[in-house]
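Have a look at the structure below, then the notes.
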Amino acid sequence: MTPEILKSLAHARAGHQPVVLATRIAPAEAAGAQYLLPDPAAPAELNAAADAALAADSSRTVRAAGAEWFLHVHNPSPRLILVGGVHIAQALAPIGAMLGFSVTIVDPRRSFASPERFPGVALRTDWPDEALDELRPDSRSAIVTLTHDPKLDDPALDRALKSPAFYIGALGSRRTHQARLARLAALGHAQPALARIHGPVGLSIEAVTAPEIALAILAEIVAVRRGAEIGAKAAA
Amino acid sequence: MSDLENNPAEIEDILALAARWREEGEEVALATVTETWGSSPRPAGSQLAVTGSGRMAGSVSGGCIEGAVADAAAETIRSGRPRLLDFGISNERAWEVGLACGGKMKVFVEKLA
């Protein structure tokens with residue numbers, strides 16, 4: 001791998017640009033040549049194969065232009081947006097980062113969203129609905145509300161439901177969740193949409209401590225992302 | 001402070017770590033899973049970085065072929081030539097370093113210039 005390719009790849013990744021590193025792996029005498037795709041200078045069929053690999057988010061070997069290529073997909077990190085800089089968020093942020101998520105904390109209460117509590121984590125102290133309008137969560141985003149305060153959680157959930165986020169979770173008991181759903185319904189969200197919200201949030205592992213609750217939440221996020229079958233929770 | 005404490009995401013971002021090692025002046029080879037069949041523990045795209053001084057990060061399997069891949073990486077660091085390694089039951093090398101899970105996989109090894 002040349003320093004130029006490595007640099008371009010690092011640059012694309014830092015800019016959250018979806019790219020594919022194509023490496024010729026066979027025949028042996030021509031192995032090692034690389035393109036960073038999309039690249040108009042690369043064979044068209046290689047660019048097309050890269051598009052398909054990006055869309056499927058899956059690295060693969062393909063035959064193109066008379067050779068065998070490995071297409072290494074570098075999609076931007078999936079995002080984890082946490083509304084509420086609470087104790088559980090302090091555990092969610094590092095475990096989420098370890099799982100490959102790019103983590104953002106949203107909390108207008110500066111004493112919660114402080115760099116001392118979240119060293120090295122992206123922090124936003126604007127109102128959750130405004131923050132989410134700017135963050136523009138996509139289908140590779142997970143959003144979890146953690147404040148227990150309807151003034152903060154509800155506007156965030158309203159925006160989350162209007163986004164294609166693959167996961168929406170809300171911390172709170174079954175009873176709190178029922179009340180929350182009623183408030184969101186009053187905002188105009190109908191039932192099939194409301195069912196997108198995972199509440200109570202996280203897998204049922206009898207979690208007690210903040211890191212355990214974070215683990216339960218992230219386990220559920222991973223399960224949803226990877227399409228695992230998870231047991232339905234008992235009806236609320 | 002370890003690399004992981006600097007950035008927990010680096011447990012999966014082997015390429016960034018390999019690039020940093022290269023910048024530090026290390027000779028680095030990068031091994032990438034390019035294809036798997038059957039029950040292989042790590043998907044295509046999984047990487048293992050190895051340096052001339054013996055540092056190692058990442059994985060290409062559950063641990064069954066890392067040793068053999070590290071040997072091939074050392075060879076690629078010396079020769080500069082990339083290699084496509086074939087592991088699995090159809091390969092005679094399997095007797096030495098086959099996949100216990102019964103899977104098959106290909107691993108591409110290249111040197112960071």
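The values are calculated or read from the model by the stated rules, or taken from the named source; none is laboratory data. Since the structure is predicted, the reported quantities are computational estimates derived from the model, not experimental observations. A quick note on method: Cβ atoms are made from the backbone with ideal geometry, for glycine too, and the neighbour counts reach across all protein chains shown.
Condition check ((1) within 13 Å of another protein chain (Cβ to nearest Cβ); (2) assigned to a loop (DSSP other than H, G, I, E, B); (3) over 22 Å from residue A:24 (Cα atoms)) across all residues:
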| site | (1), (2), (3) |
| --- | --- |
| B:35 | yes, no, no |
| B:57 | no, no, yes |
| B:62 | no, yes, yes |
| B:84 | yes, no, no |
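Being on the phi > 0 side of the Ramachandran plot and either outside the structural domain of residue A:218 (by TED's automatic domain parsing) or more than 20 Å from the chain's Cα centre (by Cα) (or both) narrows it down to one residue among A:84, A:120, A:32; which is it?
It is A:32.
Out of the residues in the range A:37-75 meeting the condition of being assigned to a helix (DSSP H, G or I), among the small types (Gly, Ala, Ser) and more than 13 Å from chain B (Cβ to nearest Cβ), tell me which one is nearest to residue A:7 (Cα to Cα).
A:50
Residue A:54 versus (1) closer than 25 Å to residue B:33 by Cα; (2) assigned by TED's automatic domain parsing to the domain that holds residue A:212: which is the lone unmet condition?
It is condition (2) that residue A:54 fails.
Take residue A:29 and tell me if it is acidic (Asp, Glu) and more than 9 Å from chain B (Cβ to nearest Cβ).
Spelling it out, residue A:29 is indeed acidic (Asp, Glu) and more than 9 Å from chain B (Cβ to nearest Cβ).
Taking the range A:90-101 on its own, how many of its residues are touching a strand residue (DSSP E or B) at 6+ places or on another chain (Cβ under 7 Å) and either assigned to a loop (DSSP other than H, G, I, E, B) or in contact (Cβ under 8 Å) with a residue 60 or more places away in the chain (or both)?
Of the residues in the range A:90-101, 3 are touching a strand residue (DSSP E or B) at 6+ places or on another chain (Cβ under 7 Å) and either assigned to a loop (DSSP other than H, G, I, E, B) or in contact (Cβ under 8 Å) with a residue 60 or more places away in the chain (or both).
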